[in-house]
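For reference, the structure is listed below as structure tokens.
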Protein chains: 2
Amino acid sequence: MPMSIDSRPETRGRLAIIAGGGMLPHHVAEAARARGDNPYIIALKNESGRDWSGFDHATLGIGNFKSITAALLAKGIDRVVLSGGVRRRPEWRDIRPTLRTLAKVPAVLKTLISGGDDAVLKMAIGLIEASGARVIGVQDIIPELLAETGPLGKISPDREDWKNIEVAASAAVSLGRLDVGQGAVAVGGRVVALEGPEGTDAMLARVAALRAEGRISSHRRGVLVKLCKPQQDLRADLPSIGASTVLGARAAGLAGIAVEAGRALVLERSALISEADNAGLFVAGIDRAFLSGI
Amino acid sequence: MPMSIDSRPETRGRLAIIAGGGMLPHHVAEAARARGDNPYIIALKNESGRDWSGFDHATLGIGNFKSITAALLAKGIDRVVLSGGVRRRPEWRDIRPTLRTLAKVPAVLKTLISGGDDAVLKMAIGLIEASGARVIGVQDIIPELLAETGPLGKISPDREDWKNIEVAASAAVSLGRLDVGQGAVAVGGRVVALEGPEGTDAMLARVAALRAEGRISSHRRGVLVKLCKPQQDLRADLPSIGASTVLGARAAGLAGIAVEAGRALVLERSALISEADNAGLFVAGIDRAFLSGI
């Protein structure tokens, strides 16, 4: 019988959430509980700053495959969600392989050290699935987090914004192919920032600084675009935006934010929309059809 | 008779140097004088911080085509060198067209606002050449500034460095095609930063910060690669490195710097080499043949 991607408790095993930084893992955990799941939380050491005392949980190092695998087996986990950011990569001395993964250690180390985020996530998914659990996406637990097509708030992109969306989206696609990052900012039809490991908030702060120094025209607003990398596994690391992204975009003098409909997570949706409406920014889901024309 | 790109004074007119920021314009002016030229300096307002009192000079706004063109004609200029960085773009209200360029104003404004650096430079070259002067490259005045093939100091890239050079060079080529910037940093085979309008020094500071936060492996060094944009005019804005680039690369924990031989300027060569040797960094010119394999 094919397994459903549905996570309702009638499926035979338990759900685990591997929790990195940010607020997403807690949203996922609450949503899973609301659906009748009793999620087991594996909070990643030095990444997840949350208090998980309301949930059955363990705090483990990201390289500690041995304990993570043991936990998955001991708790009868059959589905795993990876959620939240991972800012630090494990050092090689922190890698604790299982017997099963021991032979893979050289490849694992190579990927951890030299792979892009996407390569690291693919590897993590492979290691988890080797333990028998299935990795599912956040969107399989909380589909309502996905961005839909069109404006989320009151404001829509205008003609100049669409031009910037096109330019930034095209740059984001190139950036994604290089497995560097997911975000790009275009102002006045010109790419002014590409996101690396520093993340979206730091990139937006850079744009704000460039603008304060007069290196970006004060007469043009511009847009932030965040897109999936073309080759990425959609079960991990979907681009996400939250109220803080809107605040960062406002501070950078941007006109708005565009993400791909169906392939980006909108966190704190109501706070995000009210911040955007207050600031006069658009937040829009754009169609795959638009992107494939780029 | 075809005009030579040689700048010796037997050519009929005078040399002008349009001077942006940094130390390059002064080097060029001194070198031109040493060769027997009497260069006329057009120091760009808010960009050139140098004292030009030792040279015949004027300080003019970058958008003031009218006065720049008048100066080129009044001083009998037949060759113009563009040198030094331009951090701020002119605001539209600063544009003072000549009668000849008046019809081009809408296109000029569009390029200034939405073009990449490369588009802006091409436009500036076109406007200058419309006045009858010829734009030549810094390398036509001081060919010895060009990077040659191979290591400049005592240290050569090792096998891991070559891998990083390849990865960063490939990213820099993509970045150049987007007309965003010239530089990229790869650590452990992974691109960790792409240069935008913030410039190389700020990008290296970002890499240093990522490393301090543990977001880049402390076990791998990495390289900075700076390359021409594939479509750029070689008479303007060749990638350049100086002693400060070496200091920035050292602070970012990098193993070295690679530029394209024959298409990059090495400023303060002896200071740069001694800083690099002291810090244990390589600085290398890489061959076009290596790059065309990317």
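The values are calculated or read from the model by the stated rules, or taken from the named source; none is laboratory data. This one's a predicted model, so the numbers in the text were calculated from it and none came from an experiment. Cβ placement follows ideal geometry from the backbone for every residue including glycine, while neighbour counts extend to all protein chains displayed. Just the protein is used for accessible areas: all its heavy atoms, side chains included, with ligands, DNA and RNA removed. Shrake-Rupley method; radii C 1.70, N 1.55, O 1.52, S 1.80 Å.
Could you tell me what percent of the accessible area of the protein assembly as shown is made up of carbon and sulfur, with a 1.4 Å probe and every protein chain present?
Heavy-atom surface of the protein assembly as shown belonging to carbon and sulfur, 1.4 Å probe: 53 percent.
With equal scatterers on the alpha carbons only and no solvent term, can you work out the Debye log10 of I(q)/I(0) for chain A at 0.12, 0.14, 0.16 1/Å?
-0.78, -1.02, -1.25
Only bridges whose two residues both fall in chain A count here: according to DSSP, what percent of them are antiparallel, nearest 5?
Percent antiparallel among DSSP bridges in chain A is about 30.
Compute the long axis of helix B:200-212 from its Cα atoms, compare it with the longest principal axis of the Cα atoms of chain B, and write down the angle in degrees, 0 to 90, nearest 10.
Roughly 20 degrees, rounded to the nearest 10.
Kindly identify residues of region A:203-228 having a loss of at least 50 Å² in accessible area between the isolated chain and the assembly of all protein chains, probe radius 1.4 Å.
Hits at the 50 Å² cut-off: A:ARG206, A:ARG215, A:HIS219.
For chain B, please report how many Lys pairs fall under 23 Å Cα to Cα, leaving out neighbours fewer than 8 apart on the same chain.
The result is 18.
In degrees from 0 to 90, rounded to the nearest 10, what is the angle of the helix B:159-177 Cα long axis to the longest principal axis of chain B?
40 degrees
In vacuo Debye scattering of region A:146-292, one point per C-alpha: log10 I(q)/I(0) at q = 0.09, 0.20, 0.21 Å⁻¹?
For region A:146-292 at q = 0.09, 0.20, 0.21 Å⁻¹, log10 I(q)/I(0) is -0.22, -1.22, -1.37.
Only helical DSSP H runs with n ≥ 4 go in: add -39500 (n - 2.57) per run for chain B, normalise by residue count and round the 222 nm mean residue ellipticity to 500 deg cm²/dmol.
Helices in chain B give a 222 nm mean residue ellipticity of -11000 deg cm²/dmol.
So what is the relative contact order for chain A, in percent, with contacts set as C-alpha pairs under 8 Å and at least six apart?
17 percent
Find the eigenvalues of the gyration tensor of the Cα atoms of the protein assembly as shown, then list the square roots of 5 times those eigenvalues as equivalent ellipsoid semi-axes, largest first, in whole angstrom.
50, 28, 17
When all protein chains stay in place, what accessible area (Å², nearest 10, 1.4 Å probe) is found for A:TYR40?
Spelled out: A:TYR40, probe radius 1.4 Å, area about 10 Å².
Using only the alpha-carbon atoms, how far is helix B:269-279 inclined from the longest principal axis of chain B? Give it as 0 to 90 degrees, nearest 10.
The two axes meet at around 20 degrees.
What number comes out for accessible area per residue over chain A if the probe is 1.4 Å? Units Å², please.
That works out to 41 Å² per residue.
Compute the separation of the alpha-carbon centres of region B:155-181 and region B:64-80 and state it in Å as a whole number.
39 Å
For A:GLN231 and A:THR149, what is the calculated FRET efficiency with R₀ set at 30 Å and r taken between the beta-carbons, to the nearest 0.05?
0.80
Residues of region A:51-91 losing 20 Å² or more of accessible surface, assembly versus chain alone, probe 1.4 Å, please list them.
A:ARG87, A:ARG88, A:ARG89, A:GLU91
For the pair B:ASP56/A:ARG35, report the inter-label distance in nm, with labels modelled 7 Å from Cα in the Cβ direction.
Reported label-point gap for B:ASP56 and A:ARG35 is 7.8 nm.
Could you grab the Rg to Rh ratio for region B:229-280? Cα atoms only, Kirkwood for Rh.
1.02
Select from region A:183-199 all residues whose loss of accessible area on going from the chain by itself to the full protein assembly reaches 20 Å² or more (probe 1.4 Å).
A:GLY188, A:ARG190, A:VAL191, A:VAL192, A:LEU194, A:PRO197, A:GLU198
Chains B and A: how much accessible area gets covered up at their contact, both sides added, probe 1.4 Å, in Å² to the nearest hundred?
Looking at B and A, the buried total is near 3200 Å².
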